[in-house]
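Trainee: Attaching a single structure in structure tokens format; questions to follow.
The values are calculated or read from the model by the stated rules, or taken from the named source; none is laboratory data. This one's a predicted model, so the numbers in the text were calculated from it and none came from an experiment. Reconstructed Cβ throughout: ideal geometry from the backbone, glycine too, with neighbour counts over all protein chains shown.
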Amino acid sequence: MMSLNGARFAVTRDTGYDCRVEATPAIRHVWDMIVRDHEAVFGQAPHTEEPYATSGTAVARGSLVVARRSPTIALSNSTAARGSSTVIVRAAEPADRCPEWPEAFVLRFCPSSQGMCLHIAARDELGLLYGMLRYSREVLGVDPFWFWADRPPERRERIEVPAADFDSVRPKVRYRGWFVNDEVCLIGWKEEYPPTREVWEPVFEALLRCGGNMVIPGTDLPKTGVHAELAAEMGLYLTHHHAEPLGAEMFLRAYPGKNASYKEFPELFERLWREAIDKQKNDCVLWVLSFRGQGDKPFWENDPAFDTPESRGAMISHVVRRQHDMIREQAAEPVCCMAMYGEIAELYKAGHIEVPDGVIKIWADNGYGKMVSRRHGNLNERVPALPPRGDRGRNGVYYHVTFHDLQASNHLTLFPSPPELIAGELEAAFEAGASEYVLVNCGNIRPHLYTLDLVAELWHESRADVGEHLNRYARRMFAEDGRRDGGEEEPEAIAELFRGYFDSAIAYGPHPDDRAGDEFYHHPAREIVGHWLRGQSTTPNAKLLWAAGDRPFREQVRRFANLAQEAIASWEALERRIVSAAERLPAAASARLQDQLLLPVRLHLSGCRGLAALGRAFEAYADSRYALAFVHASEALGHYGDGQQALREAEHGRWANFYRADWLTNIANTVDHMDTLRRWLRMHGDSPDMFLWYKEYLMPETEKHIYLENTHRNPLSDDKLAAALGERFRQEEPNLFVGY
């Protein structure tokens, strides 16, 4: 880095922009971002010389060939006002000394007769994209998550930065990106399906601004959707889900009614693979090789003849080799990956699978951030999921900051374990050689900004000081002006609130990653209600063993309810602290704090309260106190409804309807279960006239013996009866409402 003797580079509304490369789709997208960013900062669109539209110039991933507008850097007055600065985007020249690794870029400052010039130069297309986006972030002050966090740049009249040359630093991870998975909020946000450019452009823009270069754009979306085409158009490498090798159509979707057996129908499987290769062979693709069964499960569930580890491993090895050969026949210098996921990792470590040379092996965490095998139902072997010692091949990581597993995962809320777990696991993976590739399950983006930002720092730097990163993040998001020094007391206090979030998460098991996300309060609760109402409460519920153990059902329910009850005080205290902090912040920063932290805290708090009340309802039912059970079930219904209300309050402005497709945590489903439960409980003593509990518990003693039925036959609604009964029971036995 070199400074021009203390010179400064000033950007104003009159700064001009000159793009001296061809307007490829990716260049065009990022160029439009820069123009939009400049206008957002200065209130006026900049003077621009547009990128070339001629076909005689070319910008490629591996090289950059550009026709020049002129041999000098002198600009006409049409580009910028005389004496103002200019930003020039161009191909790197030998004199720039641009690093030679892929995606490198440099910033070079040069004085001219008409003002200081900043040259953004690179050898390839992605290098230019990252150079322009660095200018946007470091000079214009545009946050990578400006859209998702509602954090527009500060309005300015003039920005000055040192005229110091800059060489980009090579990222630790070669291929780095997001898997937009379980993306129900993105799907349901707008009326159109599959999601349109309006939904996808902010996703891919944020990924590029975080320095990402690859994406799986959605999960099993219709091939007619724009998602894959747009991702490629914006300059990202495409890659595939391990259940859809090569990005091919699922066998049973293409051939309904046939047995999904490669042994039986190899030509049909290979036809699908060939079609996928033909469609993508000229695109920038990271090809995923895999062989799992339909619906993302072991293939032998469709083909039970493979009943030994040796036969299963041999078939997977054969299929993967065949896929690899087919790609190499059609695509030039393909980059291939293989997901070492679930049973495939186990077979590989046991020596039953052969991976072709040069293929990147991708190792997955367990969905909770720990690099061990994931839990399947109640089976949790926690086999280490990293390359074996001495592995000389290429390796990478598939990592979850959000997950959906019908047990305890975080889907609508922040990652529940301390961020030190994320940093420690990824740093250990890099040290083990798994640094070629990092694919992050990013879910619906908006609920996971902090953790996505942390992983972006890790994939660039290989290490992260978690405390300092969190402080920087809080300053960016919640300082009145994220670009100024000073005023840090409030952001540092907010960083402590984030730490309070991780401290408050329920620890339901012995491992550091056994921390409860939002699904912990909902899937088990619905399991409890279903088991109970089916008349099975005399036997344990097998689907709850993973957290409650093999014990009587009443003890299983008590285990979940106690965990929830014990966490309530911590979540309540944190909620009060966040509300207090939000009241001290300016309106925009307050809204960001409520969206990013208060919402997940309220989802946890409402879930804890609901699950604890459900536990009290079962305790009362088991003791034949049916009216009291009805009251507690009604309480559970109200608390879970508070979670729904928290989602609605977060749907302000552009986020209208963002959570309406909450089909995975599915708070509305839990509410329906609680309503069904209390209606069923009312049958136990208040049926058939729905008047008996009113008479027994609420009617004045003097009326019980003289009332006329024709004046007392308008039964109370469930809500009114529960409220009245609850008030009486609280007065008589307040201890029944605070746990066990």
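Trainee: Could you please find all residues in the range 92-150 being among the charged types (D, E, K, R) and either in a strand (DSSP E or B) or more than 16 Å from R36 (Cα to Cα) (or both)?
Mentor: E93, D96, R97, E100, E103, R108, R123, D124, E125 - these are the residues of the range 92-150 that are among the charged types (D, E, K, R) and either in a strand (DSSP E or B) or more than 16 Å from R36 (Cα to Cα) (or both).
Trainee: Then there's this: Being in a loop (DSSP other than H, G, I, E, B) and in contact with a His (Cβ under 7 Å, 6 or more places away or on another chain) is the filter here; which residues of the range 209-234 pass it?
Mentor: G211, P217, G218, T219, L221, M234
Trainee: In addition: Could you count how many residues in the range 683-707 are touching an Asp or Glu at 6+ places or on another chain (Cβ under 7 Å) and not hydrophobic (A, V, I, L, M, F, W, C)?
Mentor: 0
Trainee: Another question about this same structure. In the range 562-614, what residues are of a type in the set (S, T, Y) and within 14 Å of L497 (Cα to Cα)?
Mentor: Matches in the range 562-614: S570, S580, S590.
Trainee: Outside any helix (DSSP H, G or I), touching a residue at least 12 places away in the same chain (Cβ under 8 Å), hydrophobic (A, V, I, L, M, F, W, C) and surrounded by 16 or more Cβ atoms within 10 Å (Cβ to Cβ): is that true of M690 in this structure?
Mentor: yes
Trainee: Looking at K258, K281 in this structure, which one is at pLDDT below 95, basic (K, R) and touching a helix residue (DSSP H, G or I) at 6+ places or on another chain (Cβ under 6 Å)?
Mentor: Within the list K258, K281, the selection yields K281.
Trainee: Just to be sure I understand the filter: pairs with C-beta atoms under 7 Å, separated by 6 or more residues or on different chains, first member in the range 179-194 and farther than 22 Å from L452 by Cα and in contact (Cβ under 8 Å) with a residue 60 or more places away in the chain, second member not in a loop (DSSP other than H, G, I, E, B) and not aliphatic (A, V, I, L, M). Which pairs pass?
Mentor: Pairs that qualify, where the first residue is farther than 22 Å from L452 by Cα and in contact (Cβ under 8 Å) with a residue 60 or more places away in the chain and the partner is not in a loop (DSSP other than H, G, I, E, B) and not aliphatic (A, V, I, L, M), are K190/E198.
Trainee: Please pick out the residue among A633, A668, A629, A650 that is buried (at least 23 other Cβ atoms within 10 Å of the Cβ) and closer than 27 Å to H404 by Cβ.
Mentor: One residue alone meets the criteria, A633.
Trainee: Here is a further query. State whether the residues of the range 481-491 include one that is touching a residue at least 12 places away in the same chain (Cβ under 8 Å) and buried (at least 22 other Cβ atoms within 10 Å of the Cβ).
Mentor: yes
Trainee: Something else now. For the range 515-568, enumerate the residues that are over 30 Å from F415 (Cβ atoms) and among the hydroxyl-bearing types (S, T, Y).
Mentor: S537, T538, T539
Trainee: Here is a further query. Quick check on the range 572-588: of everything there that is surrounded by 19 or more Cβ atoms within 10 Å (Cβ to Cβ) and in contact with a Gly (Cβ under 9 Å, 6 or more places away or on another chain), which residue is nearest to A525 (Cα to Cα)?
Mentor: L574
Trainee: Give me the pairs: first residue in the range 164-175 and closer than 23 Å to P111 by Cβ and at pLDDT 95 or above, second residue basic (K, R) and assigned to a strand (DSSP E or B), beta-carbon distance under 8 Å, and six or more apart or on different chains, which are they?
Mentor: That search, which allows pairs on different chains as well, returns D165/R108.
Trainee: Name the residues in the range 703-723 that are surrounded by 12 or more Cβ atoms within 10 Å (Cβ to Cβ) and at pLDDT below 70, would you?
Mentor: Y707, H712
Trainee: Please find, among K370, K349, the residue that is closer than 30 Å to N213 by Cβ and in contact with an Asp or Glu (Cβ under 8 Å, 6 or more places away or on another chain).
Mentor: Criteria check complete, one pass: K370.
Trainee: Further question on the same structure: Only one of these conditions is not met by T702: (1) in contact (Cβ under 8 Å) with a residue 40 or more places away in the chain; (2) of a type in the set (S, T, Y); (3) in a helix (DSSP H, G or I). Which number is it?
Mentor: (1)
Trainee: Could you list all residues from the range 173-208 that are in a loop (DSSP other than H, G, I, E, B) and among the charged types (D, E, K, R)?
Mentor: Within the range 173-208, R174, D182, E183, K190, E191, E192 qualify.
Quick grid of which residues meet (1) at pLDDT below 95; (2) not polar (S, T, N, Q):
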residue	(1), (2)
T15	no, no
I27	no, yes
A80	yes, yes
G83	yes, yes
V87	no, yes
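Trainee: With the requirement that a residue be touching a Leu at 6+ places or on another chain (Cβ under 8 Å), among the aliphatic types (A, V, I, L, M) and part of a loop (DSSP other than H, G, I, E, B), what does the range 235-255 give you?
Mentor: L236, A248
Trainee: While we're here: Would you be able to say whether some residue in the range 91-114 is under 26 Å from the mean Cα position of the chain (by Cα) and hydroxyl-bearing (S, T, Y)?
Mentor: The answer is no; no qualifying residue exists.
Trainee: Moving on. Going by the conditions given, is G726 among the small types (G, A, S), surrounded by 15 or more Cβ atoms within 10 Å (Cβ to Cβ), closer than 27 Å to Y640 by Cβ and modelled with pLDDT under 95?
Mentor: It is false that G726 is among the small types (G, A, S), surrounded by 15 or more Cβ atoms within 10 Å (Cβ to Cβ), closer than 27 Å to Y640 by Cβ and modelled with pLDDT under 95.
Trainee: Give the residue, chosen from E270, E310, that is modelled with pLDDT of 90 or more, surrounded by 14 or more Cβ atoms within 10 Å (Cβ to Cβ), in a helix (DSSP H, G or I) and over 32 Å from the mean Cα position of the chain (by Cα).
Mentor: Exactly one residue qualifies, and that residue is E270.
For every residue, the table says whether it meets (1) at pLDDT below 95; (2) closer than 22 Å to N444 by Cβ.
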residue	(1), (2)
M338	no, no
G342	yes, no
A345	yes, no
G358	no, no
Y368	no, yes
M371	no, no
R394	no, no
T402	no, yes
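Trainee: Answer yes or no as to whether G257 is touching a residue at least 40 places away in the same chain (Cβ under 8 Å) and of a type outside the set (D, E, K, R).
Mentor: It is false that G257 is touching a residue at least 40 places away in the same chain (Cβ under 8 Å) and of a type outside the set (D, E, K, R).
Trainee: A follow-up question, please. How many residues are without any contact (Cβ under 8 Å) to a residue 40 or more places away in the chain, surrounded by fewer than 19 Cβ atoms within 10 Å (Cβ to Cβ) and among the acidic types (D, E) when one looks only at the range 494-548?
Mentor: Total satisfying the criteria: 1.
Trainee: Within the group G638, G685, which residue is at pLDDT below 95 and among the small types (G, A, S)?
Mentor: Result of the check over G638, G685: G685.
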